[in-house]
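What follows draws every value from the coordinates through simple rules; no lab data is involved. This one's a predicted model, so the numbers in the text were calculated from it and none came from an experiment. Note that each Cβ is placed from the backbone with ideal geometry, even for glycine, and that neighbours are counted across all protein chains shown.
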Amino acid sequence: MGVVLVTGASAGFGAAIAAKFAENEWRVIAFARRAERLAQLTEYFGAGRVHTAAFDIRDEAALRAALAALPEDFRGIDVLVNNAGLALGTARAQDCDLVQWRQMIDTNITALVTLTRLLLPKLIERRGAIVNISSISGTHPYTGGNVYGGTKAFVTQFSANLRCDLHGTGVRVTNVEPGMAETEFTLVRTGGDRAASDKLYAGAHPITGRDIADTVWWVANLPPHLNVNRIEVMPVSQSPAGLQVARDALNQ
Ligand code: NDP
Ligand code: 8X3
């Protein structure tokens, strides 16, 4: 039993991870923007088990204030799960919206490194663990992945580099790289297109939030001498596809 901080705990992986740890008697700090969703966690598990703070993780002042306001029982953070993140859009780079690109960079990279840096002294003091939720899109390129995949490649390399810097501290770092998972991810990515989301997942038996919660739980509860550096998880129905060739493109 310990204290886990989960970002993006109002939906998808984050909500499932928060519930998994709370069910198993950990104290859970749950961050996200939607207060009413976070309140469901507190209603179900009780305020002694789950502490919530609703704010935009891109807002550094709000993030610092949320950490400063943690109740005494929630201050000894053992595990940080950097999960909050999003993809926006599926267009090719040349057609993309810069505002959406910046929002992905600010959320998936800048907020993640900010929170990590703020918690490193505490995690070192407690020989804690960091679990970063990256993505297969950080390793396997695909059309329309552009900046989203770029942010996840950053997370994957940041996780690997953290392991080097934390050498000898006992702090564990794991990069989790899921493939297709049915959450609110595609609704967010498509600006609320329910039909597109349902079509993507239909018949694919995608990863569930519970699958990733079980993975994070396993990683966080391994004996302290073991570090899982990275873990790539796909549904059986998904596999990497090949390269593309634009024939005669240079002759046009
Ligand atoms: P969801 O959309 O279901 O959940 C995303 C979570 O991130 C929500 O709780 C959302 O909360 C939170 N969030 C987003 N932006 C912010 C913000 N600015 N401030 C605070 N919280 C924020 O998607 P998933 O559960 O699928 O995504 C979780 C992570 O998993 C992401 O990093 C995603 O990139 C990654 N991932 C997802 C995959 C998939 O196929 N679903 C596969 C691989 C990785 P709120 O809106 O309330 O702020
Ligand atoms: C989400 C998985 O393949 O849709 O990170 O980019 S993918």
Seminar exercise, completed: Scanning region 193-232 for residues that are acidic (Asp, Glu) and over 16 Å from the mean Cα position of the chain (by Cα) gives Asp193, Asp198
For this session: Look through Thr114, Thr169, Thr183 and report the one residue that is of a type outside the set (A, V, I, L, M, F, W, C), within 11 Å of ligand 1 (Cβ to nearest atom) and in contact (Cβ under 8 Å) with a residue 40 or more places away in the chain.
Result: Thr183
For this session: Pick out the one residue from Lys122, Lys152 that is within 11 Å of ligand 2 (Cβ to nearest atom) and of a type in the set (Lys, Arg).
Result: Lys152
Exercise. Which ones in region 12-42 are surrounded by 20 or more Cβ atoms within 10 Å (Cβ to Cβ), farther than 18 Å from Leu67 by Cβ and aliphatic (A, V, I, L, M)?
Worked result: Ala15, Ala16, Ile17, Ala19, Ala22, Leu41
Seminar exercise, completed: Scanning region 46-61 residue by residue, those free of Cβ contacts under 8 Å to residues at least 24 places away in the same chain, more than 9 Å from ligand 1 (Cβ to nearest atom) and either within 28 Å of Met104 (Cβ to Cβ) or assigned to a helix (DSSP H, G or I) (or both) turn out to be Ala61
Exercise. Out of region 183-198, which residues are within 14 Å of ligand 2 (Cβ to nearest atom) and in a loop (DSSP other than H, G, I, E, B)?
Worked result: Thr183, Glu184, Thr190
Seminar exercise, completed: For region 186-203, the count of residues that are among the charged types (D, E, K, R) and within 13 Å of ligand 1 (Cβ to nearest atom) equals 1
For this session: Just one of (1) closer than 19 Å to Ala16 by Cβ; (2) within 13 Å of ligand 1 (Cβ to nearest atom); (3) free of Cβ contacts under 8 Å to residues at least 40 places away in the same chain trips up Thr208, so point out which.
Result: (3)
For this session: Out of Gly149, Gly128, Gly138, report the one residue that is more than 26 Å from Thr186 (Cα to Cα) and touching a residue at least 12 places away in the same chain (Cβ under 8 Å).
Result: Gly128
